[in-house]
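Single-structure report; data block below.
The values are calculated or read from the model by the stated rules, or taken from the named source; none is laboratory data. Values in this document were obtained by computation on a predicted structure and should not be read as measured data. With ideal geometry, Cβ positions are generated from the backbone for all residues, glycine too; neighbour counts draw on all protein chains shown. In case anyone asks, the SASA skips ligands and DNA or RNA and just uses the protein heavy atoms, side chains included. Shrake-Rupley method; radii C 1.70, N 1.55, O 1.52, S 1.80 Å.
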Amino acid sequence: MTPLATEVLGRLTRVFGGARDPERAPAMAAYMRDKFPFLGIQSPAQRVLARQVLAGLDRPAEDDLRDVAEGCWALPEREYQYFACGLLRRHARVCSAGFLETARFLVVTKPWWDTVDALAAHLVGPLVSAHPALVSTMDAWIDDEDMWLVRTAILHQLRYKEQTDVARLFRYCTRQAGHPDFFVRKAIGWALREYAKTDPAAVRAYVAAHRLAPLSTREALKNL
């Protein structure tokens, strides 16, 4: 583990651990269907505490980010994974194409929509944009047996706006239109709804021409 990662994780466990709120923790865990334990720190406080953890430290390099993220994923409480997602979002630009392997590990380990969506839009998306050869990995993920990799492939262009590869977006949605899982069907609708902010006519035409799940259709057309 890099020296910077060791320092960050040490500070993190002290600062976040010291802010633990056992009264709030059960409700936060219940909101996530009790899949993960929580410290009980609400989002605004998490952001304040995260700034305290990072105050005065050097900007992380790729190896630092990998070690911090994997260290946070090894800790039980969900707030630590949220901290890692926030750090990766801020520094995604320093990561090479090889960091996608770390992103994959984070997506499939302790997966739920809260971390997967953050990683898809704010880590995987920027990585693919910066390293176009990674598109081939998205083409593989869309057919993966792991539904969270499928969801990530669908959502990775969520913030691309005019830079969206529209043919690829529509192809991914068509490819998984019959997927049995709620989270994939929801992702299809969300991705289409987001792109509709850029080109509503294209989304209307796509939805009219393709047989999507009712959930996907409702989500795609929600604001049209």
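Give me the Kirkwood hydrodynamic radius of the stretch 85-154 in Å, from all C-alpha pairs, to one decimal place?
Details: mean 1/r = 0.0851 Å⁻¹.
Kirkwood radius, the stretch 85-154: 11.8 Å.
Could you give the dipole magnitude of the chain about its Cα centre, charging the beta-carbon of Lys and Arg +1 and that of Asp and Glu -1, in debye to the nearest 20?
Working: 30 positive and 26 negative charges, 171 e Å.
Taking the Cα centre of the chain as origin, the dipole is about 820 debye.
Calculate, for the chain, the solvent-accessible area per residue in square angstrom, rolling a 1.4 angstrom probe over the heavy atoms of the protein chains. Could you put the intermediate results ahead of the total?
Numbers: 10760 Å² over 224 residues.
That works out to 48 Å² for each residue.
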Length gained if THR109 through VAL48 is fully extended, taking 0.36 nm per residue and subtracting the Cα-Cα distance, is 19.3 nm
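Expressed as a fraction of 2.2 N^0.38 Å, the rule-of-thumb size for a compact globular protein of N residues, what is the C-alpha radius of gyration of the stretch 73-224? Mind dumping the intermediate values first?
Numbers: Rg = 15.0 Å, N = 152, 2.2 N^0.38 = 14.8 Å.
Normalised Rg, Cα atoms only: 1.01.
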Cross-link reach from LYS222 to aspartates and glutamates, straight Cα distance under 12 Å and at least 8 residues apart if same chain, gives GLU194
Rg [Å, one decimal], Dmax [Å, integer] - the stretch 1-133, C-alpha atoms
14.4, 47
I'd like the orientation of helix 78-91 relative to the chain: the angle between its Cα long axis and the longest Cα principal axis, in ° from 0 to 90, rounded to 10.
70 degrees
Considering only protein heavy atoms and a probe of 1.4 Å, how much of the accessible area of the stretch 97-224 is carbon and sulfur, as a whole percent?
54 percent
Quick one: what do you get for the stretch 50-98 if you divide its Cα Rg by 2.2 N^0.38 Å?
1.11
Give the Rg (one decimal place) followed by the Dmax (whole number) of the stretch 3-61, computed from C-alpha coordinates and expressed in Å.
13.1, 37
Once you put a point 7 Å from the Cα of ARG204 and another 7 Å from the Cα of ARG171, both along the Cβ direction, what distance in nm separates them?
2.7 nm
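Percent of alpha carbon pairs in the stretch 166-224 separated by more than 14 Å?
42 percent
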